[in-house]
Amino acid sequence: MIPLAYTIRNVFRRPTQTLQLVGGSCLVVLLIMVAFAINQAMQSTLTNSGSERNIIFLGAGSEESIERSEIAFGTDEIVNASLEGIRQVMNQSAISPEVHYNGMVQTKKNQQAQALLRGVQYQALWVHRKVRLLEGKFPQSGEVMVGRLAHHKLGLDAKDLMIGKFLEFNKEKLRIVGVFDARGTVMEAEIWIPLLDLMTYIQRDTLSCVVLSAANDNSFADAEVFAKTRLDLELVALKESTYYAKISSFYAPIRWMAWISAILISIGAFMGGLNTLFATFSARIKEFGALQAIGFSRFSIFFSLSQEAMFTGFIAATLSIFISVLFLEGLSFPFSIGVFTVSFDQTIILSGVAAGTLLGMVGVLPPSWKCLRPNLPETLRSS
């Protein structure tokens, strides 16, 4: 076998070609890692948003859109009086009547942005247990509290949504009095406003949903029976986790588009890398002939070339990991129902290393086959 030192020396003997190969491979690996991270972040955000213990009552036929759902005001009181198994907090039921509204808010002078508004009462904090008040207080009339990632959804800086700032909605000035997080859920991009305030501003007399926190595993079966027997209320009962699973399936084509875009760009970069390898190996045909003349087999030469390509791929993967962790880790991106934050965990990093190494292994095959196929006399006569 050809010594490893010879292989490593060849990687750095032609710096221009090596830089071209590393750059192309780095782009491919980085795109794969970013596509992986985006898919994982969006899926994780939607999955984390639903609790197995929370039950949502929606209007029949609106199982895939809370915004389009309408149920009678006061349904929460009927549900509370009819169902057992609702979790109790300080001798009160953990049940939350809510209105979900996607509307425009004015954040700065003559600047409007699409906002996710949720009209709630204080019981919402008992139901949505991932919500944690970071600073300030729960809003009263004329006030709002904002999720810690709401500024990404609105296209603002975090300082624009600090406590004491104002938002304008339907010509009403609303003072920010609280900031909350919700541990990687869509709620972190929302603006929470007192229920009756939101219903007044948008001139609505119905709820979007009623969400309750179940005390035991049997509560959902009871909720389904209630929804099916109370035909006058026109309700459907879903586990919150089931609702967000349906939403996740709706976004599956978008996640696939991220992969397809990454693959198409990667193919272009890969073909460019192949051209560079063809040119580099073609310029070394006499070197390959000399190695065969002194006793090295074609397999030994191919193995050495494979080591060069894999080493280059490993350098590209390392550079891609460095770029992604240093510059892309923790970036937040808005989508229609929230904001997701990308994170490059161990699985994604290992996939980047694997992609870089595999890229080198696959990329070396066509040019090495072309350059090692001629017999020894033809190789030595080549210029």
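The values are calculated or read from the model by the stated rules, or taken from the named source; none is laboratory data. Everything numeric here is computed off the predicted structure, so don't read it as measured data. When we count neighbours, we look across all protein chains shown, and the Cβ atoms used for this are built from the backbone with ideal geometry, even at glycine.
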K246: out of contact with any Lys or Arg (no Cβ under 6 Å at 6 or more places or on another chain), more than 30 Å from K370 (Cα to Cα) and of a type in the set (K, R), yes or no?
yes
Log entry, pairs with first residue in the stretch 59-71 being within 14 Å of R118 (Cβ to Cβ), second being polar (S, T, N, Q), beta carbons closer than 8 Å, six or more apart or on different chains, reads I66/S208; E67/N102; E67/S208; S69/S62; S69/S208
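Hey, could you check the stretch 83-110 for residues that are of a type in the set (S, T, N, Q) and in contact with a Leu (Cβ under 9 Å, 6 or more places away or on another chain) and say which is modelled with the lowest pLDDT? Spell out how you get there, then give the answer.
Going residue by residue through the stretch 83-110, those that are of a type in the set (S, T, N, Q) are 88, 91-93, 96, 102, 106-107, 110.
So of that shortlist, the ones also in contact with a Leu (Cβ under 9 Å, 6 or more places away or on another chain) come out as 93, 96, 102, 106-107.
Working: S93: 96, S96: 97, N102: 94, Q106: 87, T107: 81.
Checked the stretch 83-110; the qualifying residue modelled with the lowest pLDDT is T107.
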Pick from the stretch 243-267, criterion surrounded by 16 or more Cβ atoms within 10 Å (Cβ to Cβ) and of a type in the set (S, T, Y), ranking: modelled with the lowest pLDDT:
S266
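Determine whether A158 is under 29 Å from G330 (Cβ atoms), buried (at least 17 other Cβ atoms within 10 Å of the Cβ) and in the same structural domain as L116 (by TED's automatic domain parsing). It would help to see each step written out before you state the result.
Numbers: under 29 Å from G330 (Cβ atoms): yes; buried (at least 17 other Cβ atoms within 10 Å of the Cβ): no; in the same structural domain as L116 (by TED's automatic domain parsing): yes.
No: the conditions fail for A158.
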Which of the residues belonging to the stretch 203-240 are touching a His at 6+ places or on another chain (Cβ under 9 Å) and hydrophobic (A, V, I, L, M, F, W, C)?
C209, V211
For E234, only one of the following conditions fails: (1) touching a Leu at 6+ places or on another chain (Cβ under 9 Å); (2) over 13 Å from S51 (Cα atoms). What is its number?
(1)
Please specify each residue of the stretch 251-297 satisfying the condition of being farther than 19 Å from N39 by Cβ, of a type in the set (S, T, N, Q) and either part of a helix (DSSP H, G or I) or in contact with a Phe, Trp or Tyr (Cβ under 6 Å, 6 or more places away or on another chain) (or both).
N275, T276, T280, S282, Q292
Here are the criteria: (1) more than 17 Å from S65 (Cβ to Cβ); (2) surrounded by 18 or more Cβ atoms within 10 Å (Cβ to Cβ); (3) touching a Lys or Arg at 6+ places or on another chain (Cβ under 9 Å). Tell me which single one R175 does not satisfy.
(2)
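Quick check: anything in the stretch 368-383 of a type in the set (F, W, Y), in a loop (DSSP other than H, G, I, E, B) and on the phi < 0 side of the Ramachandran plot?
At the first step, the residues of the stretch 368-383 found to be of a type in the set (F, W, Y) are 369.
Now drop any that are not in a loop (DSSP other than H, G, I, E, B), which leaves none.
Looking for residues that are of a type in the set (F, W, Y), in a loop (DSSP other than H, G, I, E, B) and on the phi < 0 side of the Ramachandran plot, one finds none in the stretch 368-383, hence no.
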When the stretch 145-202 is examined, which residues are found to be more than 23 Å from N48 (Cα to Cα), in contact with a helix residue (DSSP H, G or I) (Cβ under 9 Å, 6 or more places away or on another chain) and of a type in the set (V, I, T)?
I176
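Listed here are the residues, each with its yes/no results for (1) out of contact with any strand residue (DSSP E or B) (no Cβ under 6 Å at 6 or more places or on another chain); (2) within 30 Å of F302 (Cα to Cα); (3) part of a helix (DSSP H, G or I).
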site	(1), (2), (3)
I323	yes, no, yes
V339	no, no, no
S343	yes, no, no
T347	yes, no, yes
L350	yes, yes, yes
A355	yes, yes, yes
L359	yes, yes, yes
V362	yes, yes, yes
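Tell me which residues, restricted to the stretch 75-90, are aliphatic (A, V, I, L, M) and over 12 Å from A223 (Cβ atoms). Show your work before the answer.
Residues of the stretch 75-90 that are aliphatic (A, V, I, L, M), as a first pass: 78-79, 81, 83, 86, 89-90.
Once the filter is applied, which keeps residues that are aliphatic (A, V, I, L, M) and over 12 Å from A223 (Cβ atoms), the stretch 75-90 yields I78, A81, V89, M90.
In the stretch 25-36, is there at least one residue being within 30 Å of L291 (Cα to Cα), of a type outside the set (K, R) and in the same structural domain as F311 (by TED's automatic domain parsing)? Give the steps one after another, and end with the answer.
Filtering the stretch 25-36 for residues within 30 Å of L291 (Cα to Cα) gives 25.
Filter once more, keeping what is of a type outside the set (K, R): 25.
Now narrow it down to the ones that are in the same structural domain as F311 (by TED's automatic domain parsing): 25.
Within the stretch 25-36, one or more residues are within 30 Å of L291 (Cα to Cα), of a type outside the set (K, R) and in the same structural domain as F311 (by TED's automatic domain parsing).
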Of all strands (runs of 3 or more DSSP E) completely enclosed by the stretch 123-228, which ones contain at least 2 residues that are in contact (Cβ under 8 Å) with a residue 60 or more places away in the chain and of a type outside the set (G, A, S)?
166-169, 190-194, 209-213
